[in-house]
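Undergrad: Before I ask anything, let me first share the structure, which is written out below as structure tokens.
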Amino acid sequence: HYPLRRQRQMCIRDSLLTVHTKDYLQSLYSSSTVASITEVPIVYILPNWLVRNRVLNPFLYATSGSILAGQVAMEKGYAINLGGGYHHCCGYQGGGFCAYADITLSLRFLRKYYPQIKKIMIIDLDAHQGNGHERDKLAAKDYSLFIVDMYNPDIYPHDREAANAIDLPILVRSGTDDKQYLKKLKGGLEQAFASFLPDFIYYNAGTDILEQDPLGLLDVSPQGVLQRDEIVFSYADKKGIPIVMLLSGGYQKSNAQVIANSIENLNNKFKVVLTKREVETSDELLQSSAKKTKEKIDKK
């Protein structure tokens, strides 16, 4: 069955091994490794049981949300995980506050349980290069995965090897404002969809592009973020392509309100938020879908 069928369920080791190596997962039992990945030095001196409980388990729940979001999007057309987007982690290494490769995990399970999904597009609009899912693409030689990565080349991670996996790089230098950013985005997406029509979209919607972000170094306003998200969803809506949105990076207190405002706008335009009854119905559909999918696989 699909690895996750309900909310508040945590990804287990067998599911993680779909993407991650045993050596990498074993390395997470070292607090020093986790400290390096999260770039939080105090984690180094904490006992690993505490690190797993307070640091890694929250990562796992968010990763589980990304996996579940793929299934929800197949049933409803849209899904937003209020977390995830750990785009610096690949199957064999973590980094940049990313401990699990949730994007690759989600798309691998999506393809496994929904065989009609073959061509996938990742639209990564976090301010940083998404070198994790890019390295996974290179390792798997996944030619049915199209990556659009719009990032600031002046900042971390400067991963030239991973950049070879990007099908459409869109570079935005430090200080890029709304007008410049949105113009490049529109042109880039038009070019991407003209050359590749996906069956499914993963949208990594980092808000570290916001003005005054200490790490992203771009100059996009809250209204610019709202417009950016609407542009991406408009493409998915017009072409009838299921889409998962992940929140990824953002390092200011104001980010939460900006994200909330954007989701409210997306709901007004595309009805992406379910009512209580729709949530209950969705849960029933997910369980039914998982059962049918398992039956199909068993017959094969």
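The values are calculated or read from the model by the stated rules, or taken from the named source; none is laboratory data. All values reported here derive from a predicted model rather than from experimental measurement. Because the Cβ atoms are built from the backbone with ideal geometry, glycine has one as well, and the counts that use them run over all protein chains shown. These area figures cover heavy atoms from the full protein model, side chains too; ligands, DNA and RNA do not enter into them. Shrake-Rupley method; radii C 1.70, N 1.55, O 1.52, S 1.80 Å.
Undergrad: Criterion first (within 24 Å of MET10 (Cα to Cα) and at pLDDT 95 or above) does GLY175 satisfy it?
TA: Values: within 24 Å of MET10 (Cα to Cα): no; at pLDDT 95 or above: yes.
It is false that GLY175 is within 24 Å of MET10 (Cα to Cα) and at pLDDT 95 or above.
Undergrad: Is it the case, given these coordinates, that LEU46 is of a type outside the set (Ser, Thr, Tyr), open to solvent by less than 60 Å² (accessible area, probe 1.4 Å) and at pLDDT 95 or above?
TA: Here the answer is yes, as LEU46 does meet what is asked.
Undergrad: Quickly run through segment 218-269 and pick out the residues that are crowded, with 20+ Cβ neighbours inside 10 Å and over 19 Å from the mean Cα position of the chain (by Cα).
TA: Across segment 218-269, the qualifying residues are LEU218, VAL220, GLY224.
Undergrad: Same structure again: Give me a count of the residues in segment 68-100 that are within 14 Å of VAL19 (Cα to Cα), of a type in the set (Gly, Ala, Ser) and touching an Asp or Glu at 6+ places or on another chain (Cβ under 8 Å).
TA: 1
Undergrad: Answer yes or no as to whether ASN57 is of a type in the set (S, T, N, Q), within 14 Å of TYR100 (Cα to Cα) and under 18 Å from the mean Cα position of the chain (by Cα).
TA: When the stated conditions are applied, ASN57 passes them.
Undergrad: Still on this structure, I have one more. Going through segment 19-43 one residue at a time, which ones are open to solvent by 100 Å² or more (accessible area, probe 1.4 Å), without any contact (Cβ under 8 Å) to a residue 12 or more places away in the chain and of a type outside the set (A, V, I, L, M, F, W, C)?
TA: Correct list: LYS22, GLN26, PRO41.
Undergrad: Considering only residues of segment 50-109 that are aliphatic (A, V, I, L, M) and open to solvent by 20 Å² or more (accessible area, probe 1.4 Å), which is nearest to GLY240 (Cα to Cα)?
TA: Only one residue fits best here, namely MET74.
Undergrad: Of all residues in segment 164-175, which are more than 14 Å from ASP126 (Cβ to Cβ) and in contact with a strand residue (DSSP E or B) (Cβ under 7 Å, 6 or more places away or on another chain)?
TA: Scanning segment 164-175 gives ALA165, ASP167, LEU168, GLY175.
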